[in-house]
Structures are given as structure tokens and as C-alpha cells.
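Trainee: Quick one: this structure, given as C-alpha cells, is what I'll be asking you about.
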Amino acid sequence: MAREEDRICKEYFDQPDRFSDLVNYTLYQGREVTKPSDFKELDPVRSEVFGPDNSYEVLIDNLKELSLKEDDRNIYVMIGLESQGYHDETMVVRAMKAKALLYTYQLREKVKPLKPVIIIVLNLTGDKWKSPVTLKSMFEKEYLDKFGYLIDDVSYVLLDVKEDSEIPKGLLKTDLELLLNLTFKVSRKI
């Protein structure tokens with residue numbers, strides 16, 4: 001997205017109630033599994049230095065840690081949100097790089113057990129999402145037949161407003177419901 005659009009989306013989803021609504025809708029079909037208080041803001045910039053002339057940095061629009069109570073203990077997951085205003089054929093590889101850096105960070109910090117990393121991509125292009133969602137979908141069948149069992153499949157969770165149906169009234173708790181429904185209606189007319 002353009003810088004101004006990135007900033008607007010980042011600020012919008014910096015609100016814990018909106019981020020929680022997005023996660024509930026995208027990962028749990030609208031069931032209220034998470035609450036705003038379950039999220040902790042994380043630094044969205046991750047970098048790793050591999051050598052004197054070899055480093056990598058990634059910026060995730062919004063990055064939060066989710067803590068859910070499960071059988072008298074907390075389970076944790078890191079959730080990143082990327083708001084996309086253009087089709088990006090490299091999105092699955094970008095998600096893979098972000099996940100790799102977040103896992104590397106956890107290993108360096110000696111986090112045990114590792115926390116899963118989930119990347120959500122919000123399609124704001126106005127068109128149906130055209131980019132691959134899984135790494136394996138980028139390979140030809142012959143390669144998958146021969147080497148598919150050796151290829152790690154990396155993916156991201158796609159919220160495609162052009163493809164999803166209108167959100168039932170009252171399913172979400174914030175103005176995200178209105179925003180997604182307006183986006184859905186406008187994208188249907190384009």
C-alpha cells in the first residue's frame with residue numbers, strides 16, 4: 001500500500017478492540033474467542049544480522065501477541081496483519097520471511113516452547129485477490145509430484161472482502177463490521 005494508506009490502516013487496527021474483532025472474524029468465523037485485553041502490542045519491525053554484509057529487515061503493519069486461557073494455562077500466538085492495497089505475487093514469500101524472522105527472534109530470546117506465527121492479509125485492492133496464498137501453489141504439478149513431500153508449505157490467512165459475503169449485523173463488536181460491509185458493497189459494484 002502507499003505510505004498514507006499503510007499509516008491509516010495501521011492506526012485503525014492499533015485499536016485492540018478492532019484487532020480482536022478482525023482476529024475473531026478471520027480465524028474463528030466471528031465467534032468471540034478473543035477479547036481486546038488478550039492482545040499485547042509487539043514491535044512490528046524485525047531484523048536479523050547474518051554477517052557483516054548480510055542482514056534482513058521486515059516491517060509488519062500490525063503485530064500483536066495473543067494470550068488465550070486454555071485448561072488453566074495460557075497459550076500464546078504471534079499475529080501479524082498486512083493490509084494490501086495492491087496484488088503482490090510475492091506475498092506468500094514475504095509472509096514466509098516475516099515468520100522466519102519472528103521464529104528467529106523467539107529462538108534468540110530462548111522462548112520455549114515457540115509461539116506459532118500467523119500472518120493475516122487484508123485485501124483492500126477492490127478486486128478479487130489474485131496472488132498465491134500458499135507456497136506450494138506456486139510450483140508446477142510435476143515438481144510437487146516429485147518433491148512435494150519435501151517442500152514446506154507456507155501460507156497466510158486471507159481476508160478477501162471481494163470474495164467474502166456481507167457480515168451479518170451484530171456479528172462483530174466494533175465499527176469493523178460497518179467498514180467491511182461498506183467495502184464489500186463498494187467492491188461488488190466495481
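Here, each number is a calculation from the coordinates, and none is a lab measurement. Just so we're clear, the structure is a prediction, and the values are computed from it rather than from any experiment. With ideal geometry, Cβ positions are generated from the backbone for all residues, glycine too; neighbour counts draw on all protein chains shown.
Trainee: Could you work out the relative contact order of the chain? I mean the mean sequence separation of Cα pairs under 8 Å and 6+ apart, divided by the number of residues, in percent.
Mentor: For the chain, the relative contact order is 19 percent.
Trainee: Using a Gaussian network for the chain with springs between C-alpha atoms less than 10 Å apart, which of these wobbles most: I118, I151, I60?
Mentor: Most flexible of the set in this elastic network: I151.
Trainee: Students often forget the sequence filter, so: which aspartates and glutamates lie under 13 Å Cα-Cα from K35 once same-chain residues fewer than 8 apart are removed?
Mentor: D17, D21, E65
Trainee: Check which residues have an amide H placed less than 5 Å from V161's amide H, if you skip close sequence neighbours.
Mentor: Under 5 Å from the amide H of V161: N123.
Trainee: Count the net charge of all other residues whose Cβ sits under 15 Å from the Cβ of D152, scoring Lys and Arg as +1 and Asp and Glu as -1.
Mentor: So the environment of D152 carries a net charge of +2.
Trainee: List the trypsin sites (Lys or Arg not before Pro) within the range 108-159 that fall in a DSSP loop (any state other than H, G, I, E or B) and whose Cβ has at most 12 other Cβ atoms within 10 Å.
Mentor: K110, K128, K130
Trainee: Pairs to check: K130/K173; K40/K141; K40/K97; K112/K141; K64/K130. Give those whose C-alpha atoms are more than 32 Å from each other in this structure.
Mentor: Those over the limit are K40/K141; K112/K141.
Trainee: When Lys and Arg each count +1 and Asp and Glu each count -1, what net charge do the other residues less than 11 Å away from R94, Cβ to Cβ, add up to?
Mentor: Local charge sum for R94: -1.
Trainee: Where a ≥ b ≥ c are the square roots of the eigenvalues of the C-alpha gyration tensor, would you call the range 3-189 rounded, which needs a/c under 1.5, or, failing that, prolate if a/b is larger than b/c, or oblate?
Mentor: Judged from the Cα gyration tensor, the range 3-189 comes out oblate (a/c at least 1.5, b/c at or above a/b).
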